[in-house]
Structures are given as structure tokens and as C-alpha cells.
Amino acid sequence: TMLAAPAFGTIAGHVRQERLAQRLADMGRIGATVKGGVNRPALSREDGLARALLASWAAARGFSVETDGIGNLYVRRAGSDPALAPVMTGSHLDSQPTGGRYDGVYGVLAGFEVLEALEDAGLPTRHPVEVVAWTNEEGSRFQPYCMGSALFAGKMDLEMVLGCTDPQGVTVRDALAQTLALAPAMPVRPFGGPAAAYVEAHIEQGPRLEAEDRTIGVVSGIQGSRWFQVEVTGQEAHAGTTPHGARKDAFQAALRMVSALNDLMADPDDIVRCTFGRFEVLPGSPNTVPGKVIFTIDFRHPDAAMVKARGDAITPLIQALAAPCTVAVKETSTTSPVDFDPAVIDAVRAAAVGLGYSHMDMPSGANHDAKFMAPRCPTGMIFIPCRDGISHNEVEYASPGHCHAGAAVLAETLYRLAR
Ligand code: GLV
Ligand code: MN
Ligand code: MN
Ligand code: MN
């Protein structure tokens with residue numbers, strides 16, 4: 001039989017704002033940029049150093065550390081009942097190329113702060129509580145995104161993932177080996193395994209909490225998302241001599257495609273999201289007609305039917321506009337919208353209420369590892385505000401007070417799930 005839950009604040013009272021802020025600052029030095037952000041690409045040297053730092057903190061507190069075939073890093077505080085599955089939390093240590101000091105790392109360190117708070121409080125839990133730093137959430141260097149959580153959830157093939165390359169042609173396999181060599185050796189566990197629940201804390205990365213003056217976002221789910229990589233092949237030619245009618249200009253073909261895609265995605269309600277984040281024009285010489293263009297498409301929508309219909313229209317539209325060039329379209333990531341578990345959503349909201357924080361329910365526009373955990377176990381998320389709603393930007397900022405509030409809500413939520 002279970003004892004009645006202690007009053008809200010019992011664990012949150014041990015969550016220390018300065019310790020969390022200090023750990024965020026320490027992590028923010030790894031891959032620090034001059035503009036105050038971080039560049040910590042997935043499976044880079046900086047990613048390896050960040051893992052090593054987290055592992056050293058874990059060792060200092062006596063928490064066990066494990067990894068798996070894609071380098072996910074699991075920090076575990078043991079539970080009192082060995083038969084029970086872990087209650088999990090976490091996020092990612094990789095960043096965008098011009099990333100901020102909070103996206104991802106905040107969720108990992110808020111989780112770690114909860115482990116420390118439980119330890120400081122001397123409170124045992126029946127379930128183990130586990131913090132995971134998932135490999136390559138961002139997908140900015142290697143596609144597909146969220147490969148760590150997707151492999152954990154059994155949603156990707158390891159050999160396929162290990163064979164993926166970055167724009168320089170480096171494979172995940174080689175980058176992973178180099179990154180893991182920078183962190184201490186740790187036991188390797190199989191993918192998956194039981195999970196009792198997963199709750200991820202993250203900055204909102206958008207403007208709503210700040211606009212509504214709320215401290216906690218109780219996240220209801222995540223919109224769908226499809227990524228494509230388009231490779232247009234034309235023919236390099238002399239810019240001064242080659243008549244336009246005789247050219248196979250890969251850039252002009254790409255321009256037609258982008259223009260048609262903008263028409264396809266036009267939405268007066270501004271709910272559709274469509275972004276061409278990478279655009280490479282080769283060979284990149286002023287006086288050579290471009291022979292190749294590589295560009296990416298990031299398309300998102302909260303409605304599954306739209307994600308399917310509009311997403312399925314992308315490839316045929318592109319193919320119809322390629323002539324006289326040729327085109328290859330590859331879909332690099334596909335995720336449907338997910339709804340989080342009502343009981344976890346309620347638990348997060350109850351913790352926010354119990355601790356006296358202003359809050360609101362909201363969906364997530366950004367992707368998170370929680371999207372892949374949601375089909376596997378009861379899952380939810382906690383958002384905190386970020387200044388001016390800015391993220392994927394070096395000036396990204398969340399206040400120490402808000403970081404503390406999110407960790408406090410996470411602590412109460414995890415404790416109630418794990419006790
Ligand atoms: C990841 O940060 C995403 O939402 O694209
Ligand atoms: Mn993130
Ligand atoms: Mn991100
Ligand atoms: Mn993300």
C-alpha cells in the first residue's frame with residue numbers, strides 16, 4: 001500500500017536554484033560562442049566533453065551511468081524495489097550551430113537537479129529515477145533528428161542510423177566512436193527496456209508563456225513534422241557564354257521548387273510551418289552556372305491529416321519542376337503529432353498548482369525526445385518561458401528563477417510517479 005503523498009514542496013524545497021544555474025553555466029562553456037550561445041553539434045568533440053562533465057557529476061553523487069549503441073547517456077538513482085521500471089526524464093546536450101545555452105541541456109540538468117534534490121532530502125523512491133541525455137535530438141548535423149530516443153523506442157534501425165552522414169560525409173558510426181572516447185568508459189545496455197513514465201523539462205522556445213505572463217507550460221502534445229532533403233542536379237557551365245535556353249541551372253530549378261512549395265504551404269491562419277534551413281549552391285562560384293543545389297524542407301502541422309496530405313504533396317511537386325535538371329528527394333524524418341498522457345499532464349498541472357506557479361496548458365511547436373517516448377510509456381513535458389520567445393539563437397535566455405521553477409515542478413512530478 002502506498003503512503004499518502006507528502007505536501008507539495010517536500011522535494012521541490014531541495015531543488016537549488018544556484019546549483020542548477022551553476023551547472024548550466026558550466027555546460028554553457030563547452031562549445032561557447034562569442035555571442036554568448038553554444039555550438040555543440042551532435043557527436044562532436046564538444047558533445048563528448050559535455051557527456052564527460054555530466055558523467056563526472058553523476059559519479060560524484062554516486063549515481064550509476066550507462067550508455068547504449070547510439071551513445072544515449074543514462075544517469076540513474078536506484079529505487080528501493082528492483083522489480084520496478086525507471087521513471088525517466090531528460091533531454092539533449094547537442095545544440096544548433098548557433099544555439100543557445102538552454103535548449104536541451106536545461107532538461108538534462110533540471111533532471112539531474114531532481115536526482116540531487118532526492119538525494120539531499122534522503123528520500124528513497126520505489127522506482128529508480130533516471131536522467132537521459134539523448135543523442136542527436138537536434139538533427140542539424142545528422143538527420144534524422146531524435147535518433148537516440150527513436151532507437152530507444154524501437155522506431156529506427158541502428159544500422160541505418162549508424163550509416164547516416166553529415167554534410168562533410170562523416171558517418172554517425174565514426175563520429176560516435178570519437179565522441180564516446182572523450183567520456184569515461186561505461187556499461188552498455190540494450191535499447192528499450194521498460195519505462196514507467198517519461199517527463200521532459202524544456203524552455204518553451206516560443207513567445208506564449210512570456211506573453212501570458214505564466215511560469216509553467218503544461219504541455220499537451222507535439223505537432224507533426226516531416227523533413228526532406230532535396231538534391232537538384234544540373235550542369236556546370238560558363239556564366240558568360242552559355243545561353244539561358246541551353247542551361248541546366250540547378251539553382252533556377254530549386255528556386256521554382258521553393259516558390260511552388262511556398263504556395264502549397266500558404267496558410268492565412270499561420271498554422272503551417274515550412275522552413276528551408278539549409279541551402280547549398282555548388283560549386284559556389286560567381287561565374288559558373290550552378291550544377292548542384294542541396295536544400296532541406298522542415299514542414300510541421302498539428303493535424304495528422306494535414307501532415308499526411310500536404311507532406312505527401314511535396315515530392316511530386318518538386319519532381320514536376322525539375323526539368324531540365326534532375327532531382328532526388330529523400331524524406332529524412334517523419335513524425336505524426338502526439339498527444340501526451342492525460343495522467344502525466346494532470347500530474348504536471350497539479351505540481352504547478354501545488355507549488356503556486358502560474359501556468360497554462362499548451363501544445364509544443366518544437367520537437368522533443370518526448371515525442372518518441374510518448375507511444376512507449378506515459379509521457380509529458382514541462383515548459384518554462386524564454387526571453388522574447390527566442391530559441392535556436394545564441395541570445396536564447398531563461399532566467400534562473402524560471403529554470404528553478406521548472407525543475408521544482410519536475411521534482412514533484414517525478415517523485416509522485418516514482419515514490
Ligand atoms: C528541434 O529543436 C526542433 O524542434 O526542430
Ligand atoms: Mn531541445
Ligand atoms: Mn532545438
Ligand atoms: Mn528540439
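Structure summary
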| item | result |
| --- | --- |
| Pairs, first hydroxyl-bearing (S, T, Y) in region 215-231, second not in a loop (DSSP other than H, G, I, E, B), C-beta under 6 Å, six or more apart | T215/A405; S220/D361; S220/P363; S225/R300; S225/T335 |
| Members of region 381-394 found to be within 16 Å of ligand 1 (Cβ to nearest atom) and farther than 11 Å from A201 by Cα, listed by number | C386, G389, I390, S391, H392, N393, E394 |
| Residue ranges of strands (runs of 3 or more DSSP E) in region 1-113 with at least 1 members among the hydroxyl-bearing types (S, T, Y) and closer than 30 Å to Q143 by Cβ | 73-77, 87-92 |
| Residues of region 52-106 that turn out to be within 16 Å of ligand 1 (Cβ to nearest atom) and either in contact (Cβ under 8 Å) with a residue 60 or more places away in the chain or not assigned by TED's automatic domain parsing to the domain that holds I390 (or both), as a count | 15 |
| Residue within region 376-389 that is within 15 Å of ligand 2 (Cβ to nearest atom) and out of contact with any strand residue (DSSP E or B) (no Cβ under 8 Å at 6 or more places or on another chain) present | yes |
| Of residues in region 203-232 being in a strand (DSSP E or B), of a type in the set (A, V, I, L, M) and within 16 Å of ligand 2 (Cβ to nearest atom), the one nearest to D298 (Cα to Cα) | I222 |
| Subset of region 242-283 (residues that are exposed (fewer than 12 other Cβ atoms within 10 Å of the Cβ) and either in a helix (DSSP H, G or I) or at positive phi (or both)) | H244, G245, A246, S259, N262, D263, D270 |
| Yes/no for A121 being closer than 30 Å to T10 by Cα and at pLDDT 95 or above | yes |
| Region 159-182 residues that are assigned by TED's automatic domain parsing to the domain that holds M147, paired with ones that are of a type in the set (K, R) (beta carbon under 6 Å, 6 or more apart) | L162/R173; D166/R141 |
| Residues of region 284-294 that turn out to be surrounded by fewer than 19 Cβ atoms within 10 Å (Cβ to Cβ) and touching a strand residue (DSSP E or B) at 6+ places or on another chain (Cβ under 8 Å), as a count | 3 |
| Selection status of C403, in the same structural domain as E113 (by TED's automatic domain parsing), touching a residue at least 24 places away in the same chain (Cβ under 8 Å), crowded, with 22+ Cβ neighbours inside 10 Å and of a type in the set (A, V, I, L, M, F, W, C) | yes |
| Close pairs from region 187-208: first exposed (fewer than 13 other Cβ atoms within 10 Å of the Cβ), partner part of a strand (DSSP E or B), Cβ under 6 Å, at least 6 apart | P187/E66; V188/T67 |
| Test: residue in region 15-35 that is hydroxyl-bearing (S, T, Y), in contact (Cβ under 8 Å) with a residue 60 or more places away in the chain, within 16 Å of ligand 1 (Cβ to nearest atom) and more than 16 Å from P184 (Cα to Cα) | no |
| Pair list, Cβ under 6 Å, 6 or more apart: region 363-378 residue surrounded by fewer than 20 Cβ atoms within 10 Å (Cβ to Cβ), other residue part of a strand (DSSP E or B) | P363/S220; P363/G221; C377/A197; C377/Y198 |
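Conditions tested, residue by residue: (1) within 16 Å of ligand 2 (Cβ to nearest atom); (2) buried (at least 24 other Cβ atoms within 10 Å of the Cβ); (3) not hydrophobic (A, V, I, L, M, F, W, C).
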residue: G99; (1), (2), (3): yes, yes, yes
residue: A117; (1), (2), (3): no, yes, no
residue: A121; (1), (2), (3): no, no, no
residue: N136; (1), (2), (3): yes, yes, yes
residue: F142; (1), (2), (3): yes, yes, no
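Here is a yes/no grid of residues against (1) crowded, with 17+ Cβ neighbours inside 10 Å; (2) closer than 17 Å to G99 by Cβ; (3) more than 20 Å from the chain's Cα centre (by Cα):
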{"site": "G28", "(1), (2), (3)": "yes, yes, no"}
{"site": "G37", "(1), (2), (3)": "yes, yes, no"}
{"site": "P41", "(1), (2), (3)": "yes, yes, no"}
{"site": "W57", "(1), (2), (3)": "yes, no, yes"}
{"site": "F63", "(1), (2), (3)": "yes, no, yes"}
{"site": "D68", "(1), (2), (3)": "yes, no, no"}
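The values are calculated or read from the model by the stated rules, or taken from the named source; none is laboratory data. Keep in mind that this is a model prediction, so the values were computed, not measured. Quick reminder, even Gly has a Cβ in these numbers, built from the backbone with ideal geometry, and neighbours come from all protein chains shown.
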